[in-house]
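Visitor: Structure in structure tokens, see below.
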Amino acid sequence: MNGTSHTVIGAASGLFTANLLQTNPTETMILVGLGAISGLIPDLDINGKLSNKVTVSHKLIRSIVQFIAVLMILYSYFTRVGMDKWLGIGLGLGIIIISTFLTQRRMLTITGIGVIVGGLSFHENWIWLLGVYIIIASFVSHRSYTHSLIGIIFFGYIAFQFEKSVQLDGVFITCLLGYASHLIADMKLLPFNKKGVKLFLPFSKKEL
């Protein structure tokens, strides 16, 4: 199922929760938005809609890094002497080479590290836990751990901490339903899905 469909289903989860709790219009909009985002979260393990939104373009970062590296090389060549000159040039060339391997997934890893730092700085558990989730998602294969019961439990705990922080009833339920809706929509029991989800990883790799 594509990202747009997951977004719509996740938003519906937020609307369901809002109706269940009889929230006011502002709270309803917040829950619908959280549901939509939660419905996309499991697909952070690929270069999809959400992973592209939460990271800066790797092409832009690559260009900036390479520009800085060129300046370093020129500066070293014209202003340094002896070993310092060649060390600076070598470092600049090394940065250029390394930057060519910068992918969207690695940008996601860097983003996760930044989120962890932010969470620790603000003393918010849900933020740094989300950073951990993002880093894990940047390394695992698609439809693996983010599409499993472990993923649901981990994200559910993040949602629990988030609700405790913002003190808005329905946040936990909305996020959990939105996330779970993604996994259900990706299951093989639906005729338009050729592949399913490995719900019981790491104990079973069977696709459901």
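Visitor: Go ahead and run the numbers for FRET between residue 140 and residue 26, Cβ-Cβ distance against an R0 of 25 Å, rounding to 0.05.
Guide: The value I calculate is 0.10.
Visitor: Which chymotrypsin sites (Phe, Trp or Tyr not before Pro) in the stretch 153-208 sit in a loop by DSSP (not H, G, I, E or B) and have at most 15 other Cβ atoms within 10 Å of their own Cβ?
Guide: Passing both the DSSP loop test and the Cβ count: 192, 200, 203.
Visitor: Which FRET efficiency value, to the nearest 0.05, do you get for residue 71 and residue 2 by plugging their Cβ-Cβ distance into 1/(1 + (r/R0)^6) with R0 = 41 Å?
Guide: That pair, residue 71 with residue 2, gives E of 0.45.
Visitor: According to the square roots a ≥ b ≥ c of the eigenvalues of the Cα gyration tensor, what is the shape class of the stretch 92-208, taking rounded for a/c under 1.5, prolate for a/b larger than b/c otherwise, and oblate for the remainder?
Guide: The shape class here is oblate.
Visitor: Can you tell me the length gained on complete extension of the stretch residue 78 to residue 166, counting 0.36 nm per residue apart and subtracting the Cα distance?
Guide: Contour length minus the Cα-Cα distance gives 26.2 nm.
Visitor: Compare 26, 103, 146 in a GNM of the chain, Cα atoms joined below 10 Å, and give the one with the largest fluctuation.
Guide: Highest fluctuation among the options: 26.
Visitor: Next question. Which ³J(HN,Hα) values, rounded to whole Hz and listed in residue order, are derived for the stretch 2-16 from phi using the Karplus coefficients 6.51, -1.76 and 1.60 in 6.51 cos²θ - 1.76 cosθ + 1.60 with θ = phi - 60°, glycine and proline given as x?
Guide: Running phi through 6.51 cos²θ - 1.76 cosθ + 1.60 with θ = phi - 60° gives 7, x, 4, 5, 4, 5, 5, 5, x, 4, 4, 5, x, 5, 4 Hz.
Visitor: Let me ask something additional. Taking springs between alpha-carbon atoms closer than 10 angstrom, which of 105, 143, 80 fluctuates most in the Gaussian network model of the chain?
Guide: Checking each option, the largest mean-square fluctuation is seen for 80.
Visitor: Mind sorting 145, 75 by how few other Cβ atoms lie within 10 Å of their own Cβ, fewest first?
Guide: 75, 145
Visitor: Further question on the same structure: How much length is gained on full extension from residue 100 to residue 121, taking 0.36 nm per residue of separation minus their Cα-Cα distance?
Guide: Additional length available on full extension: 4.4 nm.
No value in this document is a laboratory result; all are computed from the given coordinates. Just so it is clear, the model here is predicted, and its values are computed rather than measured. Methodologically, a virtual Cβ is constructed for each residue, glycine included, from the backbone with ideal geometry; neighbour enumeration extends over all protein chains shown.
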